[in-house]
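The next block holds one structure in the form of structure tokens; read it before the comments.
Please treat every number below as a calculation from the coordinates, not as lab data. Bear in mind that the values here come from a model prediction, so they are computed numbers and not experimental data. We place every Cβ from the backbone using ideal geometry, glycine too, and count neighbours over all the protein chains shown.
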Amino acid sequence: MKTKDNKNVIYWLFTGCFLIFIMVIVGGITRLTDSGLSISNYKLITGTIPPIGDLEWKEAFKLYQQHPEFKQYNSHFTISDFKSIYFWEWLHRLIGRVIGLVFFFPFMYFLITKQLKKSTIKKCIVLLCLGAFQGFLGWYMVKSGLVDMPDVSHFRLAAHLTAAFLTFAATLWVALDLIFTEKKVVNTKYRNLIIGTYIALLIQIIYGAFIAGLKAGLLHNHWPLMNDGKFIHPSVYAYNSFLGNILENPSGIQFVHRIMAIVVVSLIVALWYKSKKLQLTSNQKKAVNALLILVCFQFCLGVFTLILYVPVWLGVMHQVGAFFLLTAMTFMLHRFSK
């Protein structure tokens, strides 16, 4: 009988983390290439296999032609064009299915063979629920772009992307619990600063999703000032309400994203500076230093993504940078928790 919470369990959790990471990359490509509405229906089992042969491709294309994206944006598309966007959405959904299988069946095996502690079982059930909820949010997001408007709701996109990031962070946290059985609080104030920075980073990730959903990255492609050499362009406050400007106005949302980038960088620099006065373990020092390097890299990626008018490869890199930053932030919070 193998010991409970053994290395195989840790490898399984890290495999899940890796697959979520791949899914986020493919999801970014899907979004940036406007491929997310190419598959107009959802078939859990049969949808695993893409169309085979000319007849099936014609049927899939005919279904796509019935929806707003084709009618308003892509009426010039040929089947060849359709195939190119279909691939990314199909691959994105396929990876989602693989993640579900990779999480569920090994979990059942570890459960039956009694290789999990009760506390780990509870945590893994939460992970499974998060994964299922993430799949639901994906369907719910796509549904919003198939009715009247040829674009998905930026709120639903943000929920879908944020859920993916949080599912990854939770999976990583459970794996870290099994690797590091003893944790240490350096001091409460410092830990609270880490939590505040984590929340700020999540808000920034949400606004990044808003940017993507509204294509707000294609506006004000200058740095550090916006168009016309203004720090706050008049379009930022063009809506009548404050909430409308920060939640629905593309210019306002981009402005918030710009400001939050500075806030996140400042908070992480503060974490690094304050850490110099603390007695840290080797892992804690590595976490703080890695976080500082990653946030500087991510900030530069964001600026270049904006001023270069959001090329696909750079947009994907920026999303990957956010993923790595959240990874480092999660590791750091874990290392400074009880």
Worksheet, complete the sentence: At R0 = 51 Å the Cβ-Cβ FRET efficiency linking Y73 and I195, nearest 0.05, sits at 0.75
Worksheet entry | Alpha-carbon centroid distance for the pair segment 297-317 / segment 189-260, whole angstrom | 15 Å
Worksheet item: Once you treat every alpha carbon in segment 1-179 as an equal point and sum by Debye, what is log10 I(q)/I(0) at q = 0.11, 0.20 Å⁻¹?
Response: -0.53, -1.27
Practice prompt. Ratio to report: Rg/Rh of segment 1-106, with Cα atoms as the point set and Rh obtained by the Kirkwood method; give two decimals.
Written response: 1.13
Worksheet item: How many lysine pairs in segment 1-179, separated by 8 or more positions in sequence or lying on different chains, have Cα atoms less than 13 Å apart?
Response: 8
Worksheet item: For segment 212-338, what relative contact order do you get, as a whole percent, if you take Cα pairs closer than 8 Å and at least 6 residues apart?
Response: 25 percent
Discussion item. In whole Å, what are the extents of segment 184-338 along the principal axes defined by its C-alpha atoms, from largest to smallest?
Written reply: 48, 34, 25
Item to complete: Would you mind calculating the relative contact order of the chain from Cα pairs under 8 angstrom and at least 6 residues apart, reporting the percent as a whole number?
Response: 22 percent
Worksheet item: For K276, which lysines qualify as cross-link partners when the Cα separation must be under 23 Å and same-chain residues fewer than eight apart are set aside?
Response: K183, K184, K189, K285, K286, K338
Worksheet item: Once all Cα-Cα distances of the chain are split into 20 Å bins that start at 0, what whole-number percent is in each one?
Response: 28, 54, 18, 0
Item to complete: Would you be so kind as to identify all helices of the chain, as entire DSSP H runs, whose Cα atoms reach 27 Å or more along the helix's own axis and whose mean Kyte-Doolittle hydropathy is at least 1.6?
Response: 7-32
Item to complete: Sequence neighbours fewer than 8 away in the same chain don't count; with that in mind, list the aspartates and glutamates whose C-alpha is under 13 Å from K215.
Response: D34, D151, E248
Discussion item. Going by Cα centres, segment 84-140 and segment 25-81 are how many Å apart?
Written reply: 25 Å
